[in-house]
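For reference, the structure discussed in these notes is given below.
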Amino acid sequence: MGASEVPRRNTTHDWAAAGDAGHLARIRRNPTEFAPGGVVHLILEVLAYAAEEAESNAGGRSTLTLHPDGSVTVADNGRGTNTRVDDQGQAVKKPIMATKDLRFFVFPDAQLLPDGHPRRGMSVVAALSEWLVHTNRRHNGSWTQRYEHGTPVTDLTPVTDDGTTGTTVHFRPQQDLRTTDRLSAGALERWTESWPQLSTETLDRRIG
């Protein structure tokens, strides 16, 4: 049985699709709809997944880093993005970046983020970023993959295991979002207090 034939239960994403070009294009056409408030909303979309991990594991940690080039890194110590191995030994990951999160696009009122706007999922972050690098560490292997405007431009690239698990998402929002958004580290820290199960440290590397 090949990777595409392995039965998978679709709870958040459709495992049969590695990407959904139409879905990503829709997001890119409507940045104010899917990222109200700009970069802050994108950061909260990423942190929401870390908060889910923390809740399911009786607590967790994340580090939010603001970089001088306008990019942002969110790293957590969760279990990492679900990844399976097919009968040919190839890693197959849950397509969280390039396909819709079924919970929030099928039911858009399912959950609000701390900014009061609907949660839509990681595909919004990927689609509205010039580039995004997703690094994943799980007990069954670690890898990284790069996206540009939501589209994967590399395969899964193995990285050396370091004995930890977790997900790191490093992304640079598209320029119009960066130039219109006044990103405050203090405000971000207040937003993250909405997830008490997730301890978040904010590092502002934009200042010397």
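Quick look at the values:
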{"quantity": "Packing-based ranking, highest mean first, of 35-43, 153-161 given that Cβ atoms within 10 Å are counted", "calculated": "35-43, 153-161"}
{"quantity": "Over the chain, relative contact order from alpha-carbon pairs under 8 Å, at least 6 apart, %", "calculated": "27"}
{"quantity": "Pairwise label distance in nanometres, His139 with Thr164, each label 7 Å out on the Cα-Cβ vector", "calculated": "1.9"}
{"quantity": "Ordering of 163-170, 46-53 by packing [mean C-beta count within 10 Å, highest first]", "calculated": "46-53, 163-170"}
{"quantity": "Highest to lowest packing among 113-125, 22-34, scored as the average C-beta count within 10 Å", "calculated": "113-125, 22-34"}
{"quantity": "Inter-probe distance in nm under a simple model that places probes 7 Å from Cα toward Cβ, at Asp109 and Asn57", "calculated": "3.4"}
{"quantity": "Zone residues, segment 148-163, relative to Asp176, backbone N less than 16 Å from point 7 Å out along Cα-to-Cβ", "calculated": "149-150"}
{"quantity": "Distance (nanometres) between label positions extended 7 Å along Cα→Cβ at Ser184 and Asp155", "calculated": "4.7"}
{"quantity": "Taking the C-alpha atoms of the chain, convex hull volume expressed per residue in Å³", "calculated": "124"}
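We did not get these values from a lab; they are worked out from the coordinates using the rules stated. A quick note: this is a predicted structure, and the numbers were derived from the prediction, not measured. Note that we place each Cβ from the backbone using ideal geometry, even for glycine, and neighbour counts take in every protein chain shown.
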